Every structure is written in structure tokens, then in C-alpha cells.
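Read the figures in this text as sums done on the coordinates, not as results from a lab. Just so it is clear, the structure is predicted and the values come from calculations on it, not from any experiment. Quick reminder, even Gly has a Cβ in these numbers, built from the backbone with ideal geometry, and neighbours come from all protein chains shown.
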Amino acid sequence: MKSTLFIFIILLLVGAAQAQQSFVAASPVPNAPNPQKFWSRENKVDFLILAAQITVDAITTQRGLSEGFRESNPVMRPLVTRGVAGEAAASALGLGFGIGTTYLLHRTHHYKAERIAARTMLAVEGGFVANNLMRLY
């Protein structure tokens, strides 16, 4: 009688342990929150600098157009030749495209490509500004 009770207790304990192990393995681990936020200090500074560069580019482009120069970008030419309103629209499109591109890279978890794209946009826009300033002054 004692051996039957002993075997029953062992089987009961093994079954309980097996059920707990299956319960732990079967429950999915909840998704951890994304540790990297899009509007980090780094991105805020990058986009602030980009916005400042786009503003300087817009001002120097309008000044150049008033002095007889021609817009070299064929995509933006129809907008910037329409005056301040067209220039504002072109600038908003440029900034929106820059932020949108980096946000898309962020959402698809390409964090390194996001940083590279943001810094490349800063360098290219800085080149445009330098070109405008060299031609004007």
C-alpha cells in the first residue's frame, strides 16, 4: 500500500512539474517597448539644424533669383519661382521629405541608416547653402 501511494505521489508531482513547465513555455513573452524613440535629443538637434539650413537656403535662393540667377533644381524650380509662397512650399516639402525618410527608417528598425540619412541630408543641404552664399557674396 505504501509503495502504491509513493508511486502515485511521484507521478502527481512529475505531472504538476510538467504542467508548470508547459505553462511557462506556452505563454508568449510580451513585446518589449522600443528602447529608441524617434524624437530623441539627437534627432531634435539634427532636424533643427536642417530646418535652419533650409531657411537659409530659401532666403539665399530668393535673393539670387531677384539678382537674376536661375534655380538649378528642376523639381523645385516651378515652386521657388512663384515667390515667397512657392519658396515656403518647397521648403516645407524638403523638410517633410527629410523627416519622413528618417521616420520611415526608424519605424522599420533601421536605426543606423536613420542616423546616416539624417547626417547626409545635413551635409547636402549645407552644400546647397554654401553654394548659394558663394555665388551671392
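Could you check the stretch 48-105 and list, in sequence order, the residues that are of a type in the set (D, E) and in contact (Cβ under 8 Å) with a residue 60 or more places away in the chain?
Restricting attention to the stretch 48-105, the residues satisfying the condition of being of a type in the set (D, E) are 57, 67, 71, 87.
Correct list: D57, E67.
Residues in the stretch 48-95 that are within 20 Å of L136 (Cα to Cα) and among the small types (G, A, S): A52, A58, G64, S66, G68, S72, G83, S91. Does H110 satisfy the criteria of being more than 22 Å from L133 (Cβ to Cβ) and in contact (Cβ under 8 Å) with a residue 12 or more places away in the chain? Answer is no for this residue.
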